[in-house]
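Following: one structure in structure tokens, then a few remarks.
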Amino acid sequence: MSKLLIVANLKSYKNLDESKAWLDVLLKHKDEIQRMEDKEIVICPSFPYLFSFNSAFSESINIKVGAQNISPFDEGAYTGEVNAKQVKDFAQFVLLGHSERRTNFGETDDMLFKKVELSLKYGLSPIFLVQGEENAIPSGVNVIAYEPVFAIGSSTPDTPENADKVSSIIKAKKDYQVLYGGSVTSQNVNSFTGKSNINGVLVGGASLEAEEFIKIIQNA
Ligand code: PGA
């Protein structure tokens, strides 16, 4: 059985001091988390903090680092871009297909397919986000996060029953590991992780307070 994957998406929040403070809290619980052998934690901070987060954890621990994005281009003359080859030095995962990126940055299926291809080329594991069962999923992806748009940052999560149903439809396409995301908190997390087709959670707002994220890990 695959481990329960618990992912923190810190989005475009936290400066250096705030990131350090967040990491300090997590590190206080490092041994406790390491004893949870059935869980794997992935922290996705902004690009400037990938290095320090990654340096804080040994390779063998069940806490990994993920990026929130990569360039749709390989290395080259693309001023301002951060590419998969660079990110791979500091992260094991990358979030691709988030609705905030599809909507605010015009990311299309074509672009996302290219990003998945580049992440796989350099050995980064994509966590591919879909907003529903109808979204196209690029080949090579193993982990999907189902995040209905209405549930993101709204305090109105999908029902665990519907999230489980959508996850089962996605799993019918391929034996994906499927996560649920959208207004997950320490209070509701186990109603999702208790469902047979849900293999973890992707947490935005509630992960910004490190203590709350620890509770989510404990309750998942
Ligand atoms: P939320 O965000 O937990 O704040 O709803 C989830 C996400 O956008 O990944």
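The values are calculated or read from the model by the stated rules, or taken from the named source; none is laboratory data. Keep in mind that this is a model prediction, so the values were computed, not measured. Here the Cβ is made from the backbone with ideal geometry for all residues, glycine too, and neighbour counts use every protein chain on show. Just so you know, the surface numbers come from the protein's heavy atoms only, side chains and all, with ligands and any DNA or RNA stripped out. Shrake-Rupley method; radii C 1.70, N 1.55, O 1.52, S 1.80 Å.
The table that follows gives values for the structure above.
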quantity: Residue count for region 1-42, restricted to those that are without any contact (Cβ under 8 Å) to a residue 60 or more places away in the chain and either within 16 Å of the ligand (Cβ to nearest atom) or among the aromatic types (Phe, Trp, Tyr) (or both); calculated: 1
quantity: Pair list, Cβ under 7 Å, 6 or more apart: region 104-123 residue assigned to a loop (DSSP other than H, G, I, E, B), other residue open to solvent by less than 40 Å² (accessible area, probe 1.4 Å); calculated: Tyr122/Ala84
quantity: Those helices (runs of 4 or more DSSP H) lying entirely in region 148-220 with at least 2 residues out of contact with any helix residue (DSSP H, G or I) (no Cβ under 6 Å at 6 or more places or on another chain), open to solvent by 40 Å² or more (accessible area, probe 1.4 Å) and closer than 26 Å to Asp24 by Cβ; calculated: 210-219
quantity: Leu5 vs. criteria more than 25 Å from Val178 (Cβ to Cβ), buried (at least 19 other Cβ atoms within 10 Å of the Cβ) and modelled with pLDDT of 95 or more; calculated: no
quantity: Any chance Gly132 is over 19 Å from Ala8 (Cα atoms), touching a residue at least 24 places away in the same chain (Cβ under 8 Å) and in a loop (DSSP other than H, G, I, E, B); calculated: yes
quantity: Any hit, region 81-93, residues being closer than 18 Å to Val178 by Cβ, within 15 Å of the ligand (Cβ to nearest atom) and either of a type in the set (Val, Ile, Thr) or buried (at least 17 other Cβ atoms within 10 Å of the Cβ) (or both); calculated: yes
